[in-house]
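For reference, the structure is listed below as structure tokens.
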Amino acid sequence: MKNIGQTSVVTSIVLSKNILLGRQIRFHKALHFIHKPLAIIRKDTKPINNTDMKKIINCLILIATMTFLSCEKDPDTPADEKDPDMFANFTASQGTYVGVVHIAYGELDGTASVYRFNEENANWEEISWNSPNKIYDNGHDLIGHLVPGKEYRYKMRQHSVSSGYSEYSNEITGYTFKGSATEITSINRENNGDKVDITISWRNPNDLTKLKNLTGVAYKIYRIENGNLSDYDPSYINGGDESPPGIEAEWSCIDTGLDPGKTYSYRVNTVYSYDYTTVNDDYRDWEAYMRDGTFVEEGDSGNGTGNDDNPVINYTTTDMGQLIAAASGDIIVDIKEKVVNGDVYLGVITGNTVEATPALFKYDGSAFENVWTCNDLSSSTSLHYAITSLGESYVAGTGDSLCIYKREGSSWSQDIAPDNIVLAGIEVFNDELYLFAKSNEVRQVMKYNGTSWDKIGETIASGSIYNANIETLDDVLYVHYTIDNTLYIKHLSGSSWVSDLEWTQEYMSNIQLAKNGGDLYFSTSTASMSDYDGGVYRVSGSTSVENLIPDGAADSWFLQGAFTMSVDSDGNLIVSSIKGEKISDTEVILYPHLILYDGSQWNTVSGDFTDGRDPIGVSTTGTDIFYFYGEKATQNSSQQSTVLKAKKLTK
């Protein structure tokens, strides 16, 4: 990875903007953050003696006590009446407001209190009282206020002076806009006499039309030059104003009069200004939230991320929020994605590495809904499920023993698992259920005929095998497994298993298959701190492969190999991996990274994925990418994920 160094502020800059949709070039006025000094007014008066002071204090105590007794009611005393629509319409915004969470509820005859759960002290705290039917929570009583993109829990109750409090509403969650980082798309140098000029171009990948309280957008351009990034001086200048917000546009600026002997790096931060009304009914119209970008060095033009030189494919990111949170003390053990008839499914098991419970989610066009949770298989340690063309599902796991169930309406069938097997995987092929398992010391595929299991084809293998799975690709049933570091891939043709590949490589793990037209691909991560870096491969012969990952990628944007792989409708391979970004001479941060192979070169999928950690997954439907990830901010002390989230990326 390249070393990027000492900071200096851009001293001479010409700002320009590509003309899109007939809009004109304009400049942004400087942001002014106004801080009003606290005025303390002292008025000299006649001193008060001790006797008078005691009288005043006693009067104040009496007044305060009478006021308290007249207003405060027992929280457990129910109100005479409760508006039935109040709780039904109790909602919190999901990333559609900058800096605040918008909370709304039904019209009230009386008043209401809204509460937020404070994780710092594990208490529910009242954030508004006697409020109208909506409030804006800016986290004023929290350390650091609201964290952008973090979910907060809310509940409310109605009350009146005469009849006390109603019961609490159900809990809801809401979060503020975080957004993806603005991406540098190119850095181009041109000679200008004995100096050089550098043009920096960037784009904002977020759909700003969804932000309901956005009042303006500004860009701050930072520069560093030959030196140590840890010495970075955060000076900045004002960038361009995107107005009206939300219209897709490329921005650029020219940094002039630079030393041709130096190498420069740039970062573009985005400042979102917004307005809201406080719970005290104070209107604030010049608040600002700044989203940091990532430094990009000359020579890395178009990467949008800072360490690789792959071109960027621009996507718009939609944050789909939290899918599931593990119970206290548990973790997200594993996830598995499937696409059946264009529908996106995600299987999840939560618990621990000894006992975990499977659940299935399906994308309904706007969000992921929970299809089922199988509590009868709460001793599972791996995830196996299959989906028919009609959306019927099967799940395999462990309760008291290995079981396979079919979902029938809202209940489960009787266990249909054969006896004495060690399961490697299940799959639906031509709407019939198949399994790949060890039985009688050999590995074989079996099909369920409605009452029993039939062996399909010859024995697959014998002895110890690893990395085994069964899956359908382009209406063909495949199995893959490894024996003694050799990968075997086979497909079913009639009643026989035909070999596609025998290829040897040490330390392969997490093997994924994909097909694009007539080409068969597989990806691997690495199971060891060995010299093997994992890879993405095209099968070129019965014993040969072509590694599509270029040399040196494992040092920056392909750390630990590939986690998951999918193919979009344009025939592009979409792969998730891990990227390392150097932020000082002694520190490198790691985060998920999505890459796209278009048949000839690798491209970087735009977006900010720095808030994620494993488990990581990608699915595609059409050209849309669904990205699943563990939330870094809520990982436990062992750095294991406890919350699973999702993002949708669209071109």
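Placing pseudo-labels 7 Å out from each Cα toward the beta carbon at LEU590 and LYS455 gives an inter-label distance of 4.4 nm.
Per residue, the solvent-accessible area of the stretch 326-371 (1.4 Å probe, heavy atoms of protein chains only, all protein chains present) comes to 43 Å².
In this calculation the C-beta distance from ASP475 to THR111 is compared with R0 = 35 Å, giving a FRET efficiency of 0.05. Taking a point 7 Å from the Cα of ASP343 along the Cα-to-Cβ direction, the residues of the stretch 399-425 with backbone N closer than 19 Å to it are 405-413.
Entry comment: accessible area of the stretch 579-651 is 34 Å² per residue, from protein heavy atoms only and a probe of 1.4 Å. Between LYS195 and SER544, the modelled labels are 5.6 nm apart [label points 7 Å from Cα along Cα→Cβ].
Sum up the charges of everything whose Cβ sits under 14 Å from the Cβ of ARG538, counting Lys and Arg as +1 and Asp and Glu as -1, but leave ARG538 out. Its environment carries a net charge of -3. With all projection directions averaged, the alpha carbon convex hull of the stretch 149-212 covers 8.3 nm².
Give me the percent relative contact order of the stretch 547-651, please, defined on Cα pairs under 8 angstrom at least 6 residues apart.
19
With the convex hull drawn over the C-alpha atoms of the stretch 372-426, the volume per residue is 84 Å³. For the cross-link pairs LYS362/LYS579; LYS336/LYS647; LYS406/LYS647, the ones whose C-alpha atoms lie over 18 Å apart are LYS362/LYS579; LYS406/LYS647. One decimal place: the segment ASP141-THR173 gains 9.7 nm when fully extended, by the rule 0.36 nm per residue minus the C-alpha distance. Measuring nothing but protein heavy atoms, the accessible surface of the stretch 483-545 at 1.4 Å probe radius is 38 percent carbon and sulfur. Each Cα pair under 8 Å and six or more residues apart adds its separation to the average, and for the stretch 392-436 the resulting relative contact order is 23 percent.
Packing, as the average of other Cβ atoms within 10 Å across residues, places the peptides 185-197, 88-100 in the order 88-100, 185-197, highest first.
Electrostatic bookkeeping for LYS447 treats Lys and Arg as +1 and Asp and Glu as -1; over the other residues with beta carbon under 13 Å from its beta carbon, the sum is -3. Measuring nothing but protein heavy atoms, the accessible surface of the stretch 296-453 at 1.4 Å probe radius is 39 percent carbon and sulfur. Taking 0.36 nm per residue of sequence separation and subtracting the Cα-Cα distance, how much length would be gained by fully extending the chain between SER462 and ALA104, in nm to one decimal? Extra length available between SER462 and ALA104 comes to 122.6 nm. Relative to a virtual label point 7 Å from the Cα of THR388 in the Cα→beta-carbon direction, which members of the stretch 434-456 show backbone nitrogen distances below 15 Å? Only 434, 448-452 fall inside the zone, counting backbone N under 15 Å. Shown for the stretch 549-620: the carbon plus sulfur share of the solvent-accessible area, taken with all protein chains present and a 1.4 angstrom probe, equals 42%.
Can you check what the net charge comes to around ILE625, using other residues whose Cβ is under 10 Å from the Cβ of ILE625 (Lys, Arg +1; Asp, Glu -1)? Computed value for this residue: +1.
The values are calculated or read from the model by the stated rules, or taken from the named source; none is laboratory data. Given the structure is predicted, the values throughout are model-derived calculations rather than measurements. Reconstructed Cβ throughout: ideal geometry from the backbone, glycine too, with neighbour counts over all protein chains shown. Only protein heavy atoms, including side chains, enter the accessible area calculation; ligands, DNA and RNA are left aside. Shrake-Rupley method; radii C 1.70, N 1.55, O 1.52, S 1.80 Å.
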